[in-house]
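Reviewing the structure listed below.
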Amino acid sequence: MNLSRITPILRSFDEAQTLEFYVGFLGFKVDWEHRFEPGTPLYMQVSRGDCVLHLTEHFGDCSPGSAIRIETSGLDEFHAALLAKQFKYARPGIEDMPWGSREMSIKDPSGNRLTFVGADTP
């Protein structure tokens, strides 16, 4: 038996805000989008490097306000690039946590918390 990579599913409420945050701010790309027909909720996959997320407007798929941790190499550079964008809704900081990791947490427009953890820390 072998367990492989997981793909978190996060709730989203507003397509434009979700794209602005994940693509415009965080630098993910949209891999694909799915709707059962025009005017129905969006389900899509976004990715950046090896990080793959599913974002869904379907209320039965998951609960808003989830939290995920993403191992991140180059955390300081990523942080500087985000701050340089002067994004209106988020200016994240990096924290040195008591358990030894360096982390940057950001909430998306639907209240989900993404914590980027420096890959060189526990």
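The values are calculated or read from the model by the stated rules, or taken from the named source; none is laboratory data. Since the structure is predicted, the reported quantities are computational estimates derived from the model, not experimental observations. Using ideal geometry, Cβ is built from the backbone for each residue, glycine included, and neighbour counts are taken over all protein chains shown.
Quick check on my filter: what residues within segment 68-84 are polar (S, T, N, Q) and under 14 Å from the mean Cα position of the chain (by Cα)?
72 - this is the single residue of segment 68-84 that is polar (S, T, N, Q) and under 14 Å from the mean Cα position of the chain (by Cα).
The rows are residues; the columns are (1) at pLDDT below 95; (2) over 14 Å from residue 110 (Cα atoms); (3) basic (Lys, Arg).
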{"residue": "1", "(1), (2), (3)": "yes, yes, no"}
{"residue": "4", "(1), (2), (3)": "yes, yes, no"}
{"residue": "48", "(1), (2), (3)": "no, yes, yes"}
{"residue": "55", "(1), (2), (3)": "no, no, no"}
{"residue": "64", "(1), (2), (3)": "yes, no, no"}
{"residue": "67", "(1), (2), (3)": "no, no, no"}
{"residue": "84", "(1), (2), (3)": "no, yes, no"}
{"residue": "88", "(1), (2), (3)": "yes, yes, yes"}
{"residue": "93", "(1), (2), (3)": "no, yes, no"}
| query | Taking segment 82-122 as the search range and keeping residues that are among the small types (Gly, Ala, Ser) and assigned to a strand (DSSP E or B), which one is nearest to residue 24 (Cα to Cα)? | reply | 105
| Qualifying positions in segment 1-42 - assigned to a loop (DSSP other than H, G, I, E, B), among the aromatic types (Phe, Trp, Tyr), in contact (Cβ under 8 Å) with a residue 12 or more places away in the chain and more than 24 Å from residue 80 (Cα to Cα) | 13
| message | Among the residues of segment 21-40, what is the count of those that are under 12 Å from the mean Cα position of the chain (by Cα) and either under 18 Å from residue 64 (Cα atoms) or of a type in the set (Ser, Thr, Tyr) (or both)? | response | 2
| message | So if I check each of 48, 5, 35, which one is surrounded by 14 or more Cβ atoms within 10 Å (Cβ to Cβ) and of a type in the set (Lys, Arg)? | response | 48
| field | Matching residues, segment 63-84, being loosely packed, with under 13 Cβ neighbours inside 10 Å and among the hydroxyl-bearing types (Ser, Thr, Tyr) | value | 63, 73
| query | If a residue has to be in a loop (DSSP other than H, G, I, E, B), closer than 22 Å to residue 90 by Cβ and without any contact (Cβ under 8 Å) to a residue 24 or more places away in the chain to count, how many in segment 43-67 make the cut? | reply | 1
